[in-house]
Structures are given as structure tokens and as C-alpha cells.
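Taking it in order: structure first as C-alpha cells, then the write-up.
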Amino acid sequence: MRKYKMAKIHIRGPLLTQSGYGVHSRQIFRWALSRGHDITVEVTPWGITPWYISGTECNGLIGEIMARTKPLETKPDVSIQIQLPNEWTPGIGKKNIGVTAGVETDICSQPWVQACMKMDKVIFPSRFAMATFINSGCSPKKLCVVSESFYDSCLEDAGEDAVKLDNIVTSKNFLMFGQITGADSQLDRKNTFDTIKWFVQKYHDKPYGLIIKTNHGTNCKLDKNITKAKLSSVIKEIRPEDSKLKVYLLHGSMSENEVAGLYKSSKLTALISATRGEGFGLPLLEAAACGLPVVATNWSGHKDFLDLGKWFKVKKSLVNVHPHKIDGNIFVPGARWAQPDAKDFVKQIDLLLKDEKKARSNARELQEKIATEFCFSKLAEDYDQEIGAII
């Protein structure tokens, strides 16, 4: 059995939240736990996203995190801080590592660049995220990439966690997965509203289904009502009364096994995303790891794993982020993100539908490569190398 150099590691981040950064934080905690390190935890929030409160969730990992959540009594060998760069605190540990997906644009703020220089190492989940900082003047010397991994259940039989989607009666169904991140189409990074608009306008006369797994930040009933009202308003403006197309809303918390079970549903045709940018793109990874064909914008973090095989790449242009989105911290003046091409978006879906058998075959080939390159064991080996080097 391989022996690892033991260290006192302090992990700070939104480890109990149901968010992308929460998943990332838990993967790092799981790695440290698997290597036998002496771990302390400082749990932070992530916006208004909900928290896990039962220790049994995430296959018991939540309980392990809770058991190690306590104030620091001595200086740890290493601090790992999974946050935005302006939230990092240099000097917590003897060595300090910042972990961030950065911003989903082509440049970042100068204070973020300066924050990187104060840490001993900075880890990004994608080459795209790291490139954003280098493009902004950050020296690559301290920077590295360690990808995130898919849920273990993506490669397991869904069993009783299979999402049956009994109320889905349409013949072909396309899944959108992601939180609404803006009040309108120009401000929403996930581009939820335009994606719905383009899909409904193109396929309103087809017996297809658009399944939208989303929320406005929480999983409560009020959030569901707000989300449903917002989506209904958008759809009502563009869907003819005699439309054959149906739109379904999935809202609420789902376990890791349920998420994997959703992607594996026989009723799904593909995952579609006209995103303006992803620091990594975890839902896209999970879908591809489950063998589901993917249609997505040909730009940003998800290319790290999707480019291992064939997928449906939506053309884009780079445009300035809308002025109302500029906050000087996350989004800065002059920053650009992707504007997916509406015509090419539906063209890629048409190409998929033209030969679904081939699309499924290509998705399975991509799945096999992702299973090797983006599994937890590969992630753990990469952390051994990058974090182990400074312990």
C-alpha cells in the first residue's frame, strides 16, 4: 500500500452548500480524508444556495465534514481555500493554496491577480479558468490545473435512484441543467432564457419536450413559484397556442445518485447548453460521464473534457459583458464572454436528431475516455502531485 506524507490541512470553503463550489470543496476534502491527513474545516456560505444538514448525505461525507468543523488551535501545515481570490487569507497555514474557478470571461480583475501572487499555489479546475488569469497578467509560475471529477454513481447502475420521469409523455426530450444567474437574457451567464427561446421557436410544432432543471438559488417552494412564473412568462411570449412542444420544470434538491439517474434516463435525447461561459461545467461533465450526448457552446471550461471526443459544438462570438453585469470584482470592464449563435445552436440539435444512433455511439466513446481521465482516483493522483509537492 502506498504511503503518503501526513500533514495538518485546514480546508476553508462552502463544503456544506449545494453549489458548484460546494461539490469542488467536498472533492478536495474527500481526497484529504482518503490520504489520512489531519483535517480541520471552516465552512463558508455560497450566495443563497441551500446547505446539507444531514450527516448521511453525499454517502456520509457531510457527516465527516461536520465532525471536523472547528476553530484552528495551531497553524496548519497547509490551508486550502476554495473561494473567490479576493476572499483568500494568506498566512493561515505555513503554506497556503487558493482554489478557484475564477470568472467565466476572458480576463479577470487585477485584485484577483494580486491575490494569486500572495498564495503559495493556485489551483484551477480547467485550462480555460487558468488562462483567464494569465491573460490578465498573472505569472503562471504558481498556477496549475487539477480538474474536478464526476459523481461515482455516473458509472454505476442507477437502480432505485433512477429518475423515471413518468409524467414525461413527449417522444424526444432535451435537458437543460443550471441555476438562473441573471434577471434577463443579457445578464444570465447560463443563457437560460435565450436557450428556451431558440428551442421553442424552432421545435414548437414537434412533439418534443424541454426539461429544465433550474432554480433562482434555493430549493424552497417560494423559489419554485418564482422560477415557474418567470419561465412561464418567457414561454408564453414565444410558444403558439397550437404548439405540440411541452416544457417541464424540475425543481428541488437531488442526491448525487438521483442526478446520475436523471442523466441516464431512457427518455432523454441530449443535454443542451447555450452557456456564455463555464469555469468548469460540472453538469456537462456528469452528463457526458453518463453517456448522454451534449450540445454546448464551443468555448470555456467544458472543452477540457468534451474535446476528448465528439460532441455538438455551437459556434460563438466573443462579446463584451453587459454593462449592468460589471461589478468591478467578478466582472470587470472590457471582459468578454461567449454569445452563442442561435442558428447554429438549433442546427447542432438538428444534426444530432438526423443520426441519433451515431450521436449515442460517439457519446459512449467519449464516456469511456472521461471515465479514465476525470474519475475521482485520477483527481486524487493529481492532488497528490500538486499539493504533495509543497507539504
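Scanning segment 342-391 for residues that are among the β-branched types (Val, Ile, Thr), within 21 Å of ASP152 (Cα to Cα) and surrounded by fewer than 18 Cβ atoms within 10 Å (Cβ to Cβ) gives a single hit, THR372.
Quick check: anything in segment 366-377 on the phi < 0 side of the Ramachandran plot, touching a residue at least 24 places away in the same chain (Cβ under 8 Å) and outside any helix (DSSP H, G or I)?
Here is the first cut: in segment 366-377, the ones on the phi < 0 side of the Ramachandran plot are 366-377.
Retained after the next criterion (residues that are touching a residue at least 24 places away in the same chain (Cβ under 8 Å)): 366-367, 369-371, 373-376.
When the remaining residues are screened for being outside any helix (DSSP H, G or I), the result is 374-375.
Checked segment 366-377: at least one residue is on the phi < 0 side of the Ramachandran plot, touching a residue at least 24 places away in the same chain (Cβ under 8 Å) and outside any helix (DSSP H, G or I).
From the list ILE65, ILE97, the lone residue that is touching a Leu at 6+ places or on another chain (Cβ under 6 Å) and buried (at least 22 other Cβ atoms within 10 Å of the Cβ) is ILE65. Screening the candidates LYS190, LYS197 for the property of being of a type in the set (D, E, K, R), surrounded by 15 or more Cβ atoms within 10 Å (Cβ to Cβ) and outside any loop (DSSP other than H, G, I, E, B) yields one hit, LYS197.
Per-residue answers, yes or no, for (1) aromatic (Phe, Trp, Tyr); (2) under 26 Å from ILE180 (Cα atoms); (3) in contact with a Pro (Cβ under 7 Å, 6 or more places away or on another chain):
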| site | (1), (2), (3) |
| --- | --- |
| HIS10 | no, no, yes |
| THR17 | no, yes, yes |
| GLN27 | no, yes, no |
| HIS37 | no, no, no |
| PRO45 | no, yes, yes |
| ALA67 | no, no, no |
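Contact map, segment 173-199: residues that are touching a residue at least 40 places away in the same chain (Cβ under 8 Å) and in the same structural domain as MET254 (by TED's automatic domain parsing) paired with residues that are charged (D, E, K, R) and not in a loop (DSSP other than H, G, I, E, B), Cβ distance under 6 Å, separation 6+ or inter-chain. Pairs shown: PHE177/LYS213; LEU187/LYS325. Against the test of being of a type in the set (A, V, I, L, M, F, W, C), in the same structural domain as VAL23 (by TED's automatic domain parsing) and more than 30 Å from GLY334 (Cα to Cα), the options ILE134, ILE92 yield a single qualifying residue, ILE92.
Taking segment 53-93 as the range and being part of a helix (DSSP H, G or I), over 15 Å from LEU15 (Cα atoms) and out of contact with any Ser or Thr (no Cβ under 9 Å at 6 or more places or on another chain) as the test, no residue passes. If you go through segment 317-348 one residue at a time, how many are within 21 Å of the chain's Cα centre (by Cα) and either more than 27 Å from LEU84 (Cα to Cα) or aromatic (Phe, Trp, Tyr) (or both)? Final tally of qualifying residues: 3.
Looking across segment 288-309 at every residue that is surrounded by 24 or more Cβ atoms within 10 Å (Cβ to Cβ) and within 13 Å of the chain's Cα centre (by Cα), the one that is nearest to LYS213 (Cα to Cα) is identified as ALA288.
Please tell me if LEU285 is closer than 24 Å to LYS213 by Cα, part of a helix (DSSP H, G or I) and either charged (D, E, K, R) or at pLDDT 95 or above (or both). Lay out the reasoning, then the answer.
Details: closer than 24 Å to LYS213 by Cα: yes; part of a helix (DSSP H, G or I): yes; either charged (D, E, K, R) or at pLDDT 95 or above (or both): yes.
Yes; evaluated as a whole, the condition is true for this residue.
Just to be sure before I move on: is VAL23 out of contact with any Pro (no Cβ under 9 Å at 6 or more places or on another chain), buried (at least 20 other Cβ atoms within 10 Å of the Cβ), part of a helix (DSSP H, G or I) and in contact (Cβ under 8 Å) with a residue 12 or more places away in the chain in the structure I sent? Here the answer is yes, as VAL23 does meet what is asked.
Residues are listed down the side, and each one gets a yes or a no for (1) in contact with a Leu (Cβ under 9 Å, 6 or more places away or on another chain); (2) in a loop (DSSP other than H, G, I, E, B):
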residue	(1), (2)
LYS228	yes, no
VAL247	yes, no
SER253	no, yes
LEU271	yes, no
THR275	yes, yes
PHE280	no, yes
LEU292	yes, yes
LYS313	yes, no
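When PRO45, PRO76, PRO50 are checked against the criterion of being surrounded by 16 or more Cβ atoms within 10 Å (Cβ to Cβ) and within 23 Å of the chain's Cα centre (by Cα), a single residue qualifies: PRO50.
Taking segment 102-131 only, how many residues are among the β-branched types (Val, Ile, Thr) and either outside any strand (DSSP E or B) or not assigned by TED's automatic domain parsing to the domain that holds GLU87 (or both)?
Filtering segment 102-131 for residues among the β-branched types (Val, Ile, Thr) gives 103, 105, 107, 113, 122-123.
Now drop any that are not either outside any strand (DSSP E or B) or not assigned by TED's automatic domain parsing to the domain that holds GLU87 (or both), which leaves 103, 105, 107, 113.
Number satisfying all stated conditions: 4.
If you filter segment 150-169 down to residues that are outside any loop (DSSP other than H, G, I, E, B) and at pLDDT 80 or above, you find that the one that is surrounded by the most Cβ atoms within 10 Å (Cβ to Cβ) is CYS154.
Scanning segment 233-246 for residues that are out of contact with any helix residue (DSSP H, G or I) (no Cβ under 6 Å at 6 or more places or on another chain) and within 14 Å of HIS216 (Cβ to Cβ) gives a single hit, SER233.
Is there a residue in segment 25-32 that is in contact with a Lys or Arg (Cβ under 9 Å, 6 or more places away or on another chain) and of a type in the set (Phe, Trp, Tyr)? If you could, list the steps in order and put the result at the bottom.
Narrowing segment 25-32 to residues in contact with a Lys or Arg (Cβ under 9 Å, 6 or more places away or on another chain): 25, 29.
Adding the requirement that they be of a type in the set (Phe, Trp, Tyr) leaves 29.
Yes, because at least one residue in segment 25-32 is in contact with a Lys or Arg (Cβ under 9 Å, 6 or more places away or on another chain) and of a type in the set (Phe, Trp, Tyr).
The values are calculated or read from the model by the stated rules, or taken from the named source; none is laboratory data. Source: prediction; values computed, not measured. All Cβ positions, glycine included, derive from the backbone under ideal geometry; neighbour counts span all protein chains shown.
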